[in-house]
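A short write-up of the structure that comes next.
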Amino acid sequence: MIEEDEVAGWGVTLAVGCECGAEARQDVGQALRGGELCWDAELYCRACGAGSCLGFGTGEAPPWVRDPLIAQHGTVRLRLTDPATGRVAVLRTVREAWGLELPQARELAEQLAGDGLAGTLPEAAWLRERLAARGVPAEVATGTGTALSPWGGRR
Ligand SMILES: [Zn+2]
């Protein structure tokens, strides 16, 4: 079980080549802020002092941000605390969250009631907040298992 206060954000630092020839740091991160998923990436070179923002945004993180995060931290699963609660509410939440058709939403809702949905910790926290807003408790568990991931264009 992962507690609420650990859910602020995930980051990873990568070593990349700078134009000056030295090794620069590339920091990428993803977080949940005010109910919205955010990501950002920046570059800093200690040798020449070059620094730049490589990008930032809300919503799903691009693969070049998300993939290193998962490589570093792995994924977690979000699953319903009680699989029997709020079936309609769960279905509505997943439809809204990704703009899905009913059959796709039903598949994700079933996953949530079973093994759970796999994602990064901020992604799981984001969906948990949306479910909580409809009165459906869900919990974050470690270990991906066979869980599907609706994030990252992999559904
Ligand atoms: Zn440099």
Check: Does at least one position in segment 84-94 carry a residue that is in contact (Cβ under 8 Å) with a residue 60 or more places away in the chain and not aromatic (F, W, Y)?
Finding: no
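Rundown of residues vs (1) away from the ligand (no atom under 16 Å from the Cβ); (2) polar (S, T, N, Q); (3) assigned to a strand (DSSP E or B); (4) under 21 Å from A141 (Cα atoms), yes/no style:
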| position | (1), (2), (3), (4) |
| --- | --- |
| A41 | yes, no, yes, no |
| G55 | yes, no, yes, no |
| V65 | yes, no, no, no |
| D82 | yes, no, no, yes |
| V88 | yes, no, no, no |
| R106 | yes, no, no, no |
Margin query: Six or more apart or on different chains, Cβ atoms under 6 Å: show the pairs whose first residue is in segment 14-36 and closer than 30 Å to A125 by Cα and more than 16 Å from the ligand (Cβ to nearest atom) and whose second is in a strand (DSSP E or B) and of a type in the set (V, I, T).
Written below: V28/V12; E36/T58
Next item on the list: Show the residue pairs that are 6+ apart or on different chains and have beta-carbon atoms under 7 Å apart, the first residue being within segment 109-134 and assigned to a loop (DSSP other than H, G, I, E, B), the second being of a type in the set (V, I, T) and at pLDDT below 95.
Entry: D115/T146; T120/I70; T120/T75
Next item on the list: Might you let me know whether segment 75-95 holds any residue that is within 17 Å of the chain's Cα centre (by Cα) and within 24 Å of A41 (Cα to Cα)?
Entry: yes
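Within the group A118, A147, which residue is at pLDDT below 95, of a type in the set (A, V, I, L, M) and not assigned by TED's automatic domain parsing to the domain that holds W98?
Working: A118 fails: not assigned by TED's automatic domain parsing to the domain that holds W98.
Exactly one residue qualifies, and that residue is A147.
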Checklist line | Enumeration of residues in segment 113-124 that are under 20 Å from E36 (Cα atoms) and not charged (D, E, K, R) | finding: L117, A118, G119, T120, L121, P122, A124
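Here's the yes/no breakdown for (1) out of contact with any Phe, Trp or Tyr (no Cβ under 9 Å at 6 or more places or on another chain); (2) under 19 Å from W98 (Cβ atoms); (3) among the aromatic types (F, W, Y):
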position: L14; (1), (2), (3): yes, no, no
position: C20; (1), (2), (3): yes, no, no
position: D27; (1), (2), (3): no, no, no
position: G35; (1), (2), (3): no, yes, no
position: E42; (1), (2), (3): no, no, no
position: C53; (1), (2), (3): yes, no, no
position: P62; (1), (2), (3): no, yes, no
position: L80; (1), (2), (3): yes, yes, no
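From the list A61, A47, A31, which residue is in contact with a Cys (Cβ under 9 Å, 6 or more places away or on another chain), assigned to a loop (DSSP other than H, G, I, E, B) and within 22 Å of R130 (Cβ to Cβ)? Full working, then the answer.
On the way: A47 fails: within 22 Å of R130 (Cβ to Cβ); A31 fails: assigned to a loop (DSSP other than H, G, I, E, B).
Only one candidate passes the filter, namely A61.
The values are calculated or read from the model by the stated rules, or taken from the named source; none is laboratory data. Because the structure is predicted, anything quoted here is derived from the model rather than measured. FYI the Cβ positions are ideal-geometry reconstructions off the backbone, even for glycines, and counts take in every protein chain you see.
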